[in-house]
1. Please label the shape of chain A as rounded, prolate or oblate, based on the square roots a ≥ b ≥ c of the eigenvalues of the alpha-carbon gyration tensor (a/c under 1.5 means rounded; beyond that, a/b larger than b/c means prolate, else oblate).
2. Based on Cβ point charges of +1 for Lys and Arg and -1 for Asp and Glu, what charge dipole magnitude is obtained for segment C:61-309 about its Cα centre, in debye rounded to the nearest 20?
3. Given springs between every Cα pair under 10 Å in a Gaussian network model of chain A, which of A:GLY184, A:GLY39, A:GLY109 has the largest fluctuation?
4. Given the protein chains as shown and a 1.4 Å probe, how many square angstrom of B:LYS43 are accessible, to the nearest 10?
5. Determine the shape class of segment D:112-189: with a ≥ b ≥ c the square roots of the Cα gyration tensor eigenvalues, call it rounded for a/c under 1.5, and otherwise prolate if a/b is greater than b/c, oblate otherwise.
6. Below 8 Å between Cα atoms, with a sequence gap of 6+, how large is the relative contact order for chain B in percent?
7. So what J values fall out for segment C:23-35 if you push phi through Karplus, 6.51 cos²θ - 1.76 cosθ + 1.60 with θ = phi - 60°, rounded to Hz, Gly and Pro as x?
8. Using the Kirkwood radius over Cα pairs, work out the Stokes-Einstein diffusion coefficient for segment D:45-127 at 37 °C and 0.692 mPa s, in µm²/s as a whole number.
Amino acid sequence: MDLNTILQILDSAVRLMTPLLLACLAGLYSERAGVFDIGLEGKMLMAAFSAATVAALTGNVWLGLVAGLLGSLMLSAVHGLASITFRGNQLISGVAINFLASGLTVLLGQKIFGLGGRTPSLTPGAELDTQTAPFRGWLSGITGPDTAGWLAAAPRLTDITLPLAETLRPVPVVGPLYADVISGHSILVYVAFAMVPLTWWILYRTRFGLRLRAVGENPASVDTAGVSVTRLRFAAVAIAGLLCGLAGAYLATGLSAGFVKEMTAGRGFIALAALIFAKWRPWGALGATFLFGLLEAVANRYPNLDLGIVTVPSMFMSALPYILTVIILAGFVGRAIPPRAGGEPYVKER
Amino acid sequence: MTPGAQTRGRPATAAPAAIELRGISKAFGPVQANRDIDLRVEKGTIHGIIGENGAGKSTLMSILYGFYKPDAGEILVGGRPLTIADSQTAIRAGIGMVFQHFKLVQNFTVLENIILGAEDGRLLRPSLSKARGVLGQLARDYELNVDPDETVEDLSVGHQQRVEILKALYRQADILILDEPTGVLTPAEADHLFRILEGLRAEGKTIILITHKLREIMEITDTVSVMRRGEMVASVSTAETSPEQLAELMVGRKVLLNVQKAPARPGRPILEVRGLRMVDGDGVERLRGIDLDIRAGEILGIAGVSGNGQTQLLEILGGYPEKGSAISGAIRMNGAPVPVAGAACNAAERRRQGIGHIPEDRQVEGLIMDFAAWENVAFGYHDAPEYGRGLLMDRDAIRRDAEAKIKRFDVRPPTCDLAARNFSGGNQQKIVVAREIERNPDLLLIGQPTRGVDIGAIEFIHRRIVELRDAGKAILLVSVELDEILSLSDRIAVMFDGRIMGERLPGDATTGDLGLLMAGVDAAANPPTQGLFRESR
Amino acid sequence: MEKMPKWADVLLTPLISLVLAMGISALVILAIGESPVEALATMIDGALGSSYGWGFTLYYATNFIFTGLAVMVAYHASLFNIGGEGQAAMGGLGVALVLLSLPLPHWALALPAAMIGAAAFGAAWALIPAWLQARRGSHIVITTIMFNFIAAAALNYILVNLLRPVGSMDPASGRFPETTQLPKLSDMALSLGFEWGRNTPVNVSFFVAVIACVLVWLLIWRSRLGFEIRAFGKSEPAALYAGINPVRITVIAMLMSGGLAGLMAINSVMGEAERLVLNAVEGAGFIGIAVALMGRNHPLGVFLAALLFGFLYQGGGELALWTSIPRELIIVIQALVILFTGALDNMVRVPLERIFMAMRGRRKA
Amino acid sequence: EPALIFDLGGKFDKSFNEAAFMGAQRWAEETGGTYKELEMQSEAQREQALRRLAETGANPIVMTGFAFGDVLNQVAPDYPDTKFAIIDMVVEQPNVQSVVFTEEQGSYLAGIMAAMASQSGTVGFIGGMDIPLIRKFECGFAQGFKAAKPDGTVLINYTGTTPAAWNDPVKGGELAKAQISQGADVIYAAAGGTGIGILQAAADGGILSVGVDSNQNHLHPGKVLTSMVKRVDNAVYDAFTNGVQPGVKIMDLKAEGVDVAIDDNNKPLITPDMQAAVDDARARIVSGETMVHDYMTDNTCPVQ
Ligand SMILES: Nc1ncnc2c1ncn2[C@@H]1O[C@H](COP(=O)(O)OP(=O)(O)OP(=O)(O)O)[C@@H](O)[C@H]1O
Ligand SMILES: Nc1ncnc2c1ncn2[C@@H]1O[C@H](COP(=O)(O)OP(=O)(O)OP(=O)(O)O)[C@@H](O)[C@H]1O
Ligand SMILES: [Mg+2]
Ligand SMILES: [Mg+2]
């Protein structure tokens, strides 16, 4: 394997891991606060749908992003209501949210676009223009044509070339690594990676983080210290919603150009697995999701392994990331201890 | 020490009371935990509250601290009415509380636990460094030393409690509520705590102390209130009352405060332990060569500060040593060797060999809190032939058995369908004791049988243990309560740092002598220079 | 003393929750411009209005009973088995291998043989996650998720390359021998002299599922093993104190869980399709999670919840088949039912409790 | 009244269900008639749907997808007066018409075009799931490609092994990028909804793609080399208009059942050479001079 191949695989791994990382961090906030969240998948899906829908209707990806965040937050609110306010079963609530998102996205999508739950492709062209026309008309009526033009400029996230990428390219190893792997992703990738140290800093260096971790370990300690358990948990669930929102928006407007039903394809569950793998720690989340991304990138790159006598079937290569995960888990990762109060609603009086 | 409330207590003056509760009521669903309670605590005094398990003491204090909301009633702090809707309000009003079950975050450091909820600003660093300074000051002022960077789960319970007290002091509490603080403390620790409380009182702080130990009430409080079944039945000056009177007020009948027992008549050896060593999963040597003999018809008491290997000893004898530990040595039960490791070393096997076990922690080990009482009566013996046929269990047989046991042990309420969680601590303990004693084991291992249990129940449990001994059974009693060890044991062994420091007969032993042994000093070898403990009455 | 009578807790609360869920569903239906009344009528009529509807409702319910019981048994040992999907798929493989390789002359022989195959394959697929959890501490949630994917890949390979009849386009096994066809409930009714549920897939497996409910109930609440499973699930330290071996319980509970999930295949693969197709499980493994949780991890609850989901599946299917309402509406309705009866139940229960307390107070006074 | 049953993917699958739907729509618009349509929700419904439609008197009943084959074989004899048509599968019953497409032939033409458009000599194929039907596309494509570029390379990927494989544009895009980085400059997508992501990634990556089933040239004008169209719409339209003739109906190149789509969107990409080569190959296949091997006949592919 030459350097170029390695770089390409790493580049692919970065893209593949980003939605996982965002969702994994979302789960981290929620579960660190003691609220289990198996609804990551649903929230991502809802975000992907709302982001793509608004981006398609307005032609503006930033409005789409905001809509994605709102869509995901809405489901977070449902989860919070069920598992914090009404002290319901957090697993059931998560399951319900996954179903809800899977149904609502297609239902609404069909109602709005009539494309069977798909949104129009977010590439400039006839399909998109007819969708955005009413909005742009409405907008230019209010703000004048200039603003409307600007607003409708980018229906999709574009890749960013980091400064000096080309200048540094000749530097051996580091140069191509910087130019090909680190540079050239959409903004949400950088946001996702920045979220790792930020999350670490929030968790371990701020008052909010201290309380958040405490409420996931022993909510009574937080309560008797005069801090509202409910507010903290809602805050955590809301942050989880925002991060899932980013993840979903990235799927629909960054990695692809539009929404397709069920397009999260189980990534929420993989993120959940990564979270446990990471032992509920931010840097661990980075490592775990990178591992998943890398395994998938490698499997994509080598779809049939020709071993001379036998050719390993494609199905085996598809399953390889999962098999390796199990092996790594069994071999190298010890027992993961979840936050002690995780999954338990905080009940004072019975 | 003699009670001297007159000299310490301040006469009630017209000055507003530190705390005044008027007509507090609180129901948990159908349970009326507090009913129309009035309470007045003067500033600068120590006020004791006693009452049976489940009398409503913790509930009342939790209301005062804003943890529960009362259904009715009024709270006055320093004479001014105050609606305490949450703990934040209570803290601001200068109230601090050390809960019966600590409210600490186990995997946080001491410092993090202290500042939690009382941080200065959004960032932790300044809060932590400030707290570190204040903590040092508090430690000097009150002799409350704890390593601020230690993780709480690595601290002994005594130290955890210090953290709770420091938490309250850090928040500048003027009124400090302590709910059964001595239940988990060694005598030395309890003693230390009382010195601190006296110091706090001298500063003009007000203290409310809940305890089941009348000796403590008599020793330190100025006034005392007695609760029974959710009601306040008396509030008296400590000087004007006696332990017997308090016990009667509490339980509603006369209580024998001392164990009555005939001299032991030891028979053949039941348990022989030779050179038992144990290294735990972290490589720490917990037991360093234990030799023990227990005969039929005797109670061997093991005294010692908790954390000196007693837990490990009980677990190994009980057949479930810590995972990953390495054990060597020999154990013989009724003359037959007992495996100390491998698949044959398990708790079920031990029970078959006639070893019963009342574990130290009834809620974590001894009971399944969500199981009904009758299921808990079968717990550990669910394989017994009389509890079923083949693979299935015979519910009726178990329930009949459970009902009988519950009746004999006066468990209240006497319903075997209630989940263990819904019994009070004392009654939970009675279920465990009933289960283990009634199997009539040749050897009964007992850990902390009366921790947090009210005096009525203590009396009962003690009597049953003595009865078992008199029936010719061997008993290994581990307790941190020296009083309990002294009054129940026929022989006393003192454990320190994984070794048996020495053996005494209860008649010859003084608490001072035992205290030295518990601290790792053999008094016979080095004559005592100073008492670590005050002599108890 | 309880806060309200048991019947109110187990019947009234879910019923009111169900009504609420249906209310919100009606709003959703209105929002997409359809008539809720018509939709509900179609659903109820299609699922419960005829023996035909019942035939399908019960068929789906049978699947969900098996997967629900599977999740439930593991849950009692505090193991969250989300691998029902993969275990059921493997159960299907077990059924197919047994029926395709053994010359079984009659269904009465084929059924037990297929059950053994289904349960064995399902259990085997749960064994590795169980063992890894017990011995290596690998979290069962991750490993079972991974095993779902691995099962899908394995089945894809086996069907395409090994079991597919030569020249067939369909990645599916050949038909099982006629002799192994399970009697449909409709046939049984016919032999008793009346017509019921003609051409519906519900078959004897339904009775197997009902028996499984009873057996699981016996196991969990009446057997010594069940006692150990529940005790271990509630508290591992207490289990150790009582001489219960955690490794043994973990492995046994997961084997039974996987076996139950695998048994689903006798209904869908042997009873309905009569051959093994790709994706024969169709998400029933995941529905099992909802069924177990909503059924409060009790076999009776699982049975009722499975019926409810069978109803939603069939009624929803009818809705999508015969009206212009998109089929995703049913997923939304399912979600709302799960949400309201499973997670928002306290929203209903707490006020109800207050009402009952007040009533009791008045009676006392 | 005729009826149409869609397979589990649903009628908006961007693939052959959607093509069938278009055919039915065309019929409805032209004749003003109405038809019944059903979407499958689960495997168990297939039989239910067939029987219910037959009992309500629908005729003919057209269904898409090989998965109906087995059930139809059971059901058809019970309704001798009803005519059925099944697409993508052969069912031998007196009242059933089996419509099969020679995807290998269409894919062959696409392969020739890909070979001629490719600068690098490497092209890619991305299938949804590794199943025989998709292998058929793959093998035809590879044969055409090799015919025009014997030393070229075809990279092959499959999206996955679960139903999600057909609806995962993100994975599709990533696979396309992986193939691009290995030098592929034309990618053939046979993966349902996943294909949207493949075509997108190809367009973003500045290379060409080949659409499948319906004409997808318009999705990225000037960036989709062509689409291997499978005229399921024609088959449905035909069945609705002219009724169903029992037997096997082979929709091959000759019958215009499959072809490569050339329209305004991709015209600029088609060089005269390419057009000539395609026309030539088409003529030879139609005349039987060139035999495109069908993977299904022996589960092997003669090239690579
Ligand atoms: N959180 C709660 N929810 C429901 N009921 C409770 C709760 N806490 C206490 N109770 C009930 O209120 C009664 C009083 O309990 P409380 O804890 O105040 O007793 P206590 O006097 O502190 O007992 P102990 O001596 O065992 O500590 C108990 O009998 C119990 O049934
Ligand atoms: N959340 C709760 N729900 C129901 N009952 C409770 C709850 N919390 C406490 N109780 C009950 O309140 C009473 C006292 O409980 P508490 O926690 O104060 O002490 P305990 O540990 O049970 O007993 P002990 O004082 O002997 O240690 C017991 O009857 C207990 O079962
Ligand atoms: Mg208490
Ligand atoms: Mg207590």
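1. oblate
2. For segment C:61-309, the charge dipole is close to 640 debye.
3. In the Gaussian network model the winner is A:GLY184.
4. My reading of the accessible area for B:LYS43 is about 120 Å².
5. Oblate, because a/c is 1.5 or more while a/b does not exceed b/c.
6. 15
7. The phi angles translate into x, 5, 4, 4, 4, 4, 4, 4, 4, 8, x, 10, 9 Hz.
8. 221
The values are calculated or read from the model by the stated rules, or taken from the named source; none is laboratory data. Everything numeric in this text was worked out from a predicted model, so none of it was measured. Here Cβ is always computed from backbone atoms with ideal geometry, including for glycine, and neighbour counts include all displayed protein chains. Just the protein is used for accessible areas: all its heavy atoms, side chains included, with ligands, DNA and RNA removed. Shrake-Rupley method; radii C 1.70, N 1.55, O 1.52, S 1.80 Å.
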